[in-house]
Every structure is written in C-alpha cells, then in structure tokens.
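Take a look at the structure below.
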Amino acid sequence: MHTALHPEHVIHAYQRERPSITRLIHEAQWAHYQLTYALEHHPDSDRVPALRRHKFLHLGALYDVLTLRTQDPDLYEAARDHGELLRAADGLDLADHPRNGLDHLRTQYGLLHGHPRGATRYTPPLASPAPRRQLPIHRAGPWLLHEMCDTYAWAALGRSSQFPSIDVESEQRRHLIIRGLLLDWAASATPADTATATAAARAGHALRTLDSRPALNDLDACAYLWDAFRNLDDQDEDDDPHPQDCAGGCAGDGELLAVLTWEHHGDGIYTAVHQEPIACLRTVAIHTTDCPTCEGHGYTYTPGYRELCLDGRAPEDSQAPSTTPQVG
C-alpha cells in the first residue's frame with residue numbers, strides 16, 4: 001500500500017485512485033459543460049438526468065478533496081450537498097445505506113474507478129491534521145468553483161453563432177485566473193503536492209503571456225493571478241464587505257448557496273437538482289408581491305421543473321413580502 005502523502009488520501013477512494021487536483025478540475029468542468037450544453041440545446045433529452053448525476057459526482061469529488069485539504073467549511077457544506085443530491089439522483093431513501101451524502105459520494109467515486117469501499121477511512125500517516133487554509137479574498141470557495149466551471153462552459157458555448165453576445169476571450173481569461181487560484185490554494189494547503197504547485201504557476205505564466213507582460217518566477221506568477229482576480233472581481237473591490245455575522249446569512253462572503261431548480265415528480269413532490277451562489281442582500285430576503293416574472297409566487301415553472309425566481313428578491317424591509325419563503 002502506498003504511503004498517503006496528501007490529506008485526501010485518508011479516504012479509500014482517493015487513496016486508491018490518487019486523482020490529481022488538475023484531473024479533478026478537468027472532470028468537474030467537463031461534466032458542467034456537458035450538462036450546460038444539453039440544457040441549452042436539448043433540454044428535453046433523456047440524457048439530462050444522467051448528465052446531472054455526472055456533474056453531482058465529479059463536482060462533488062472536487063469539493064470533497066479540496067475540503068480535506070483546506071478544511072474550508074463552505075466547501076464542506078457544498079461537498080455534503082452534492083452528496084445528498086447524488087443520493088437523490090440515485091433514488092436512495094432516507095433509510096438506505098449509505099445514509100450520509102458524503103459517504104455515498106465517496107462510495108460512488110470509488111466504484112466508478114473500480115475501488116470498492118470508497119468511503120472507508122484510513123488512519124492518516126501524517127504528523128497532524130491539515131490546518132485550515134483560508135482564501136485570501138472575499139469570495140467563498142464554492143463561488144470560485146462555480147465560476148470556474150461556468151466560464152469554462154460559456155467560453156466553449158460562445159464559439160457558436162447561437163450565442164453572439166458571449167465575449168469568449170473575456171470568459172477564457174476569467175476561467176484561467178480562477179482555475180489558477182484554485183490550483184494555488186490547493187497546492188498551498190499541501191506543500192508536498194508539487195505537481196499542483198507547478199500547474200498553478202503555469203496558469204500564472206499563461207495569464208502574463210495573455211496580458212503581454214514579461215515573464216516572472218513561479219512565485220510571482222502565482223501572485224499575479226491573485227492580483228488579477230482582485231482587479232477583475234467587484235466583490236474584492238468592495239470597501240464595505242459583509243460582516244461575518246451578516247444578517248443575510250452569508251458569513252461575510254457576500255454570496256449564498258441556493259437551490260435554483262427542483263424536479264417535479266407529481267403530487268406536489270419536488271427534489272432539488274441544481275444550486276448556485278446568489279447575492280446576499282445583507283438582511284433576510286423576501287419576494288415582492290408585484291414581481292412581473294412570477295407574480296409574487298416566488299417560483300416559475302417549466303414542464304417537469306420548478307425554478308426559483310430571482311427577479312423579485314428584495315430586502316425584508318423594502319416591501320410587504322409574498323407568502324412564499326425565499327432563500328437568502
């Protein structure tokens with residue numbers, strides 16, 4: 001048996017498969033692209049449920065491995081949520097094993113690659129548990145992963161004449177920056193992972209080449225990624241960031257992870273199938289009764305699905321709310 005070098009190797013599925021961070025990123029963003037493409041071009045296709053499951057599995061595995069490395073609580077919640085979504089997609093009831101979404105995620109990842117007992121834990125041969133590695137920006141880890149996957153998908157979709165308004169070069173640059181940040185964050189949490197550190201530096205060098213800047217050493221190239229993101233992202237230019245005890249519930253991130261899409265199974269039964277970060281309004285959010293999109297119901301409906309309406313979100317004290325509770 002190989003000696004575990006990285007924090008994620010305490011989990012049997014990851015210890016046996018040894019996926020690199022670069023590989024996990026490629027798998028997650030490809031799964032996101034496949035689902036986005038299908039929803040844009042063939043939303044009624046029989047393949048959509050399988051593609052959703054594919055995304056839950058691969059994006060969930062990336063969330064899980066990054067959680068084990070960074071000990072980031074937001075990533076942990078996202079990994080657990082993706083595990084629960086995967087359980088639902090696989091038709092498991094509350095009493096079915098594994099009952100824990102993370103265990104199901106790890107089991108399925110292991111089985112995908114021929115490793116049974118994927119959720120089994122090993123006693124880590126490390127001197128101490130990995131310390132928490134906090135992001136040096138205002139954005140939360142799940143927001144970054146979503147942006148990385150989304151910019152990858154739209155940079156590809158934007159090459160089609162069907163989406164003439166997409167600025168492909170801008171999406172590609174944004175994707176390069178965010179992917180580089182995630183690689184650098186993962187590498188900084190596990191110094192033994194020199195391959196991920198090298199991949200992060202390559203992203204920094206590629207960005208400087210794209211920006212017609214002179215070459216730097218690897219450390220400064222990675223620092224350039226962080227500076228480029230701060231110049232690019234409005235949240236990091238905000239002089240009034242959300243407090244840790246923000247009344248909107250974002251814990252200072254300025255974003256809330258919300259379920260946006262539910263699948264309808266008949267008889268008023270819905271299961272969550274898609275979630276994304278949404279803006280925190282610094283207080284409890286309600287849905288306005290005069291919303292032109294949903295007429296105050298808080299949801300819109302398409303065949304087989306229910307969507308959360310975001311157009312009528314407003315701070316609690318701005319108007320009398322509708323009777324429909326809203327996230328954030």
Test: residue 154 is out of contact with any Leu (no Cβ under 8 Å at 6 or more places or on another chain) and within 25 Å of residue 257 (Cα to Cα): yes
Restricting segment 1-47 to residues that are among the polar types (S, T, N, Q) and modelled with pLDDT under 90, the residue that is least open to solvent (accessible area, probe 1.4 Å): 15
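Each row is one residue, and each column tells you yes or no for (1) of a type in the set (Gly, Ala, Ser); (2) in contact with a Lys or Arg (Cβ under 6 Å, 6 or more places away or on another chain); (3) buried (at least 22 other Cβ atoms within 10 Å of the Cβ).
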{"site": "80", "(1), (2), (3)": "no, no, no"}
{"site": "83", "(1), (2), (3)": "yes, no, yes"}
{"site": "88", "(1), (2), (3)": "yes, no, no"}
{"site": "91", "(1), (2), (3)": "yes, no, no"}
{"site": "96", "(1), (2), (3)": "no, no, no"}
{"site": "101", "(1), (2), (3)": "yes, yes, no"}
{"site": "106", "(1), (2), (3)": "no, no, yes"}
{"site": "112", "(1), (2), (3)": "no, no, no"}
{"site": "115", "(1), (2), (3)": "no, yes, no"}
Among the candidates 38, 88, 28, residue that is touching a strand residue (DSSP E or B) at 6+ places or on another chain (Cβ under 8 Å), in a helix (DSSP H, G or I) and touching a residue at least 12 places away in the same chain (Cβ under 8 Å): 88
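Is it true that residue 59 is touching a residue at least 12 places away in the same chain (Cβ under 8 Å), touching an Asp or Glu at 6+ places or on another chain (Cβ under 9 Å), assigned to a helix (DSSP H, G or I) and open to solvent by less than 60 Å² (accessible area, probe 1.4 Å)?
Yes: the conditions hold for residue 59.
Let's see how each residue does on (1) in contact with a strand residue (DSSP E or B) (Cβ under 9 Å, 6 or more places away or on another chain); (2) more than 30 Å from residue 243 (Cβ to Cβ); (3) of a type in the set (Ser, Thr, Tyr); (4) not in a helix (DSSP H, G or I):
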| site | (1), (2), (3), (4) |
| --- | --- |
| 145 | no, no, no, no |
| 162 | no, yes, no, yes |
| 165 | no, yes, yes, yes |
| 178 | no, no, no, no |
Inter-residue pairs, beta-carbon under 7 Å, first of a type in the set (Val, Ile, Thr) and in segment 251-264, second surrounded by fewer than 22 Cβ atoms within 10 Å (Cβ to Cβ) and outside any loop (DSSP other than H, G, I, E, B), 6+ apart: 259/272; 259/275; 261/273; 261/274; 261/305; 261/307
Residue in segment 171-189 that is touching a Leu at 6+ places or on another chain (Cβ under 6 Å), loosely packed, with under 14 Cβ neighbours inside 10 Å and of a type in the set (A, V, I, L, M, F, W, C) present: no
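Per-residue answers, yes or no, for (1) more than 27 Å from residue 279 (Cβ to Cβ); (2) modelled with pLDDT under 95; (3) open to solvent by less than 20 Å² (accessible area, probe 1.4 Å); (4) not β-branched (Val, Ile, Thr):
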{"site": "191", "(1), (2), (3), (4)": "yes, yes, no, yes"}
{"site": "212", "(1), (2), (3), (4)": "yes, yes, no, yes"}
{"site": "216", "(1), (2), (3), (4)": "yes, yes, no, yes"}
{"site": "228", "(1), (2), (3), (4)": "no, yes, yes, yes"}
{"site": "239", "(1), (2), (3), (4)": "no, yes, no, yes"}
Residue, farthest from residue 44 (Cα to Cα), within segment 292-307, restricted to residues that are open to solvent by less than 20 Å² (accessible area, probe 1.4 Å) and touching a residue at least 24 places away in the same chain (Cβ under 8 Å): 296
Yes/no for residue 248 being more than 30 Å from residue 18 (Cα to Cα), in contact (Cβ under 8 Å) with a residue 60 or more places away in the chain and out of contact with any His (no Cβ under 6 Å at 6 or more places or on another chain): yes
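Which of the residues belonging to segment 280-328 are small (Gly, Ala, Ser) and modelled with pLDDT of 75 or more?
Scanning segment 280-328 gives 285, 296, 298, 304, 312, 314.
The values are calculated or read from the model by the stated rules, or taken from the named source; none is laboratory data. Just so you know, these numbers come straight off a predicted model, no measurement behind them. Neighbour counts are summed over all protein chains in view; Cβ atoms, including those assigned to glycine, are modelled from backbone coordinates with ideal geometry. For the accessible areas, the whole protein counts, side chains as well, though only heavy atoms, and no ligand, DNA or RNA atoms are used. Shrake-Rupley method; radii C 1.70, N 1.55, O 1.52, S 1.80 Å.
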